[in-house]
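Following: one structure in structure tokens, then a few remarks.
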Ligand code: PRP
């Protein structure tokens, strides 16, 4: 989205403050790319992204990795309660290639409770990759339920609802260059309306 249109949205009732600007993100993604390049020299690197939010991060990250690599995608549907995942996950699109013997790096936009990634780790481990690591742009560990170890983290974040750079609110805002907090009023109103509609 253009800078001008992002600024207009900032003035609206929807977007709150910028948490990470487009340039903060570009800088961090390039640092992560350099770190990954250093650690995967001579390996058979396969980067696996989880649709949909992780794709924006993946597409910027791979351009910063100075090594041969391949990419593959999975789509999952997780059963949530009031927007929070429960860890009950169903694969709706599986990987196209085998990961056996490969150095697999899962690329996520955000890890929150950790339930989704725990399921994926269990599932992918059973396919005998040579190594399996996680790279997430955002790590919200205050709501973590599963004990997981994340090798590459872009930024740590707190409780707020966020959108942009792949993260959506009702499927919108994924194309913003920066990551924004959603205005709390907006979220509260929505949660209230969800509660009243589900009690009918
Ligand atoms: C996000 C993110 C992770 C999951 C993390 O996906 O991409 O897959 O939530 O949450 P957890 O750690 O609490 O399990 P989301 O369900 O928002 O789908 P999307 O990528 O299509 O937006």
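For the reader, a short list of remarks on this structure follows.
- Between region 137-177 and region 1-67, the Cα center-to-center distance that results, in Å: 12 Å
- Dividing the mean sequence gap of close Cα pairs (under 8 Å, 6+ apart) by how many residues region 22-169 holds gives a relative contact order of 22 percent.
- Most simply put, region 51-164 has about 30% antiparallel DSSP beta bridges, counting only bridges with both residues inside it.
- Shape category assigned to region 26-69 from the gyration tensor of Cα positions, a/c cut at 1.5: oblate
- Of all beta bridges that DSSP places with both ends in the chain, some 35 percent have antiparallel geometry.
- Sites residue 88 and residue 185 - FRET efficiency at Förster radius 45 Å, r taken between beta-carbons, to 0.05: 0.90
- Rounded, prolate or oblate (a/c below 1.5 giving rounded, otherwise prolate when a/b exceeds b/c) for the chain by Cα gyration tensor: oblate
- The shape of region 1-100 comes out oblate: with a ≥ b ≥ c from the C-alpha gyration tensor, a/c is at least 1.5 while a/b does not beat b/c.
- Result for the chain in a Gaussian network model with C-alpha springs under 10 Å: among 50, 14, 36, the largest mean-square fluctuation is at 14.
Any read-out appearing in this document is the output of simple, stated calculations on the displayed coordinates, not a laboratory observation. Source: prediction; values computed, not measured. A quick note on method: Cβ atoms are made from the backbone with ideal geometry, for glycine too, and the neighbour counts reach across all protein chains shown.
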